[in-house]
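The values are calculated or read from the model by the stated rules, or taken from the named source; none is laboratory data. Fair warning: this is a prediction, and the values are worked out from it, not measured in the lab. So basically every Cβ, Gly included, is an ideal-geometry build from the backbone, and we count neighbours across all protein chains shown. Side chains are part of the model used for accessible areas, which takes the heavy atoms of the whole protein and leaves out ligands, DNA and RNA. Shrake-Rupley method; radii C 1.70, N 1.55, O 1.52, S 1.80 Å.
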Amino acid sequence: TLPSGDAPVEDLGDALIIPGFVNIHCHPSGVAPIHKSYFEDTGSMFFYQSILYDHEFALKYTDADAVDVARSALAALLLSGCTTVVDPGSSISPQVADLAGEMGLRAYVAFPYRAGLFYTEDGHSLVYPLDEAAGMERLAAAVELAERYNGSYDGRVGALLGPTMTTTCTPSVLKETRKAADQLGIGITIHAAEGLTEFQECIRRYGKTPIGLLADTGLLGPDLIV
């Protein structure tokens, strides 16, 4: 029904007016713009065609490069109709939060941390050197950043806690994550059950599936993005 009286009317032709899209998992500072079309051709058969373990760090770039990539990726999201984005975090999470705020996006930016990172020496098996004390220190730093950014830019930018993966965090780090998130009143996002290698490692280490580990450490809930 057309408005009556003096109400302003704008003819947009064949345009479709819809609510803004919401992207609940996007790595704007690296994965999509830099790795896209490279990783698809390099998956390792020893890790079930996953590129997480021996190709993830094959492409090197600086934090300054990552900021430029993030700016481009956020602009592409806006152009495609995405008005809200969740970034699971990177080394430049604060800069991504600022970029999103300045560009007019609604964003929920995670501040990532872990107790250690996997690596492979032989190309077919993984080593997981974990340092729980270091993981707790990184969690504390993430909490400080979350407190600083949550609700910034007139409330358009929110913060999440981002333990990176089930296999790079100890159960104690995950339990402390739940406590911290509840105290701050913010959500959590984590990479979990991404592939058979992680699934098998979680079973080997804890006798639990990745989702079972999240349940046992208290992370599962309506405020968790998996």
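Computed quantities for the displayed model
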{"read-out": "Cα-derived Rg to Rh of region 73-183, Kirkwood definition", "value": "1.05"}
{"read-out": "Distance between modelled label sites at residue 6 and residue 42, nm, 7 Å Cα→Cβ extension", "value": "6.4 nm"}
{"read-out": "Long-range amide H partners of residue 160 with built H, under 5 Å", "value": "109, 110, 111"}
{"read-out": "For the chain: accessible area per residue (Å², 1.4 Å)", "value": "53 Å²"}
{"read-out": "Percent antiparallel among DSSP beta bridges (both partners in the chain, rounded to 5)", "value": "15 percent"}
{"read-out": "Within the accessible area of region 77-116 (1.4 Å probe), percent carbon and sulfur", "value": "52 percent"}
{"read-out": "Isotropically averaged projected area of the chain, using the convex hull of Cα atoms (one quarter of hull area), nm²", "value": "16.0 nm²"}
{"read-out": "With all protein chains modelled, accessible area of residue 99 [1.4 Å, Å²]", "value": "10 Å²"}
{"read-out": "Residues whose placed amide H lies under 5 Å from that of residue 85, excluding near-sequence neighbours", "value": "23, 106, 107, 108"}
{"read-out": "Amide H contacts under 5 Å for residue 116, placed H, 5+ residues apart", "value": "131"}
{"read-out": "Selected from 190, 203, 211 as most flexible by GNM, with the chain as the system and alpha-carbon contacts under 10 Å", "value": "203"}
{"read-out": "Local electrostatic count, residue 215, Cβ distance below 14 Å [Lys/Arg +1, Asp/Glu -1]", "value": "+2"}
{"read-out": "10 Å Cβ shell holding at most 14 others, DSSP loop, trypsin sites (Lys or Arg not before Pro): longest site-free stretch of the chain", "value": "61-226"}
